[in-house]
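> Here's a structure for you.
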Amino acid sequence: MAKWQNKLLNFPEEYGEGRNHIKDFERFAKDGRNVEKLVDDIKEYSLVKTKKLRPIEYIFDDHFRYLEARILEDDQIKQPIIIDQMTGAVLDGSHRYIFLVKHGYQLAPVVSVDYSNESIFVGNHLAHRYFHDENKTLTKSIVRSIAINGNLLPARTTRHFFPFKKEDIPTPLSKLNKKEGKSIEKFIDKATSKEQLKASSVYLEELAMEKKIINDYLLEQDKVTEYLKRQIASIKLKK
């Protein structure tokens, strides 16, 4: 095995040609089976002071009003806000964060993540989960800078990608220490209702494209699975 392959597979450089790597690949397979534990190492759920969170985008007022009504009706926030544990940047859940600000909740349900981890990344489009192009202008360092300087991006600019499913962890509003609310005018995007509807339509198109990519990938993996099953069966018959 060449040195570049050793490096790619995270093998020590002293691994040489002719080495039996079966045990090493078994170790990788074991790591894959423990992926849930590996993911848990980069995220943590907790209640933190709302004032420690830092927005990175403006919000759409139409979407906010819809979400606000749902939260008040449920009397809970179903999904925690995802934040960068270093800066408090709100990576997912901008509208939920602004709900807490408006209604004076002093605590926020969050999943804090190690944003420096390479398995978490950011793009301008859902397709940036799979490839880079000239339209991918955002980086994690830019996001952190925005969280610190407060020069917010337009609503729905960022697409953050995490190595875990964004699960519901319902948190009753009664646990979030309600006090006097604040004005949220400075957080509202200037987009018209028509522009907000267009942004939602564009996002639906992105979702449709992503679903197609995923379905194509699953079909490809089904083919590989069947091929390997036939190969293994053939080898076993010859022994």
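We did not get these values from a lab; they are worked out from the coordinates using the rules stated. Keep in mind that what you see is a predicted model, and the values were worked out from it rather than measured. In this analysis, Cβ positions are derived from the backbone assuming ideal geometry, glycine residues included, and neighbour counts consider all displayed protein chains.
> Quick check: net charge around Tyr217, other residues with Cβ under 13 Å of its Cβ, Lys/Arg +1 and Asp/Glu -1?
0
> Sticking with this structure for a sec: In nm, what is the difference between 0.36 nm times the number of residues separating Lys211 and Lys102 and their Cα-Cα distance?
My answer for the length gained is 35.7 nm.
> While we're on this one: Quick check on segment 42-190: of the DSSP beta bridges with both residues there, what percent are antiparallel, nearest 5%?
70 percent
> Also, quick follow-up: Taking K and R as +1 and D and E as -1, what net charge do the other residues with C-beta under 14 Å from the C-beta of Ile77 add up to?
Here the count lands on 0.
> Sticking with this one: Report the label-to-label distance for Ser174 and Tyr66 in nanometres (one decimal), using points 7 Å from each Cα along the Cα→Cβ vector.
3.0 nm
> Right, another one. Taking 0.36 nm per residue of separation and subtracting the Cα-Cα distance, what length does fully extending Asp74 through Ser46 add?
Result: 8.1 nm gained on full extension.
> What length, rounded to one decimal in nm, is gained on full extension from Leu204 through to Asn149, with 0.36 nm per residue of separation minus their alpha-carbon distance?
16.7 nm
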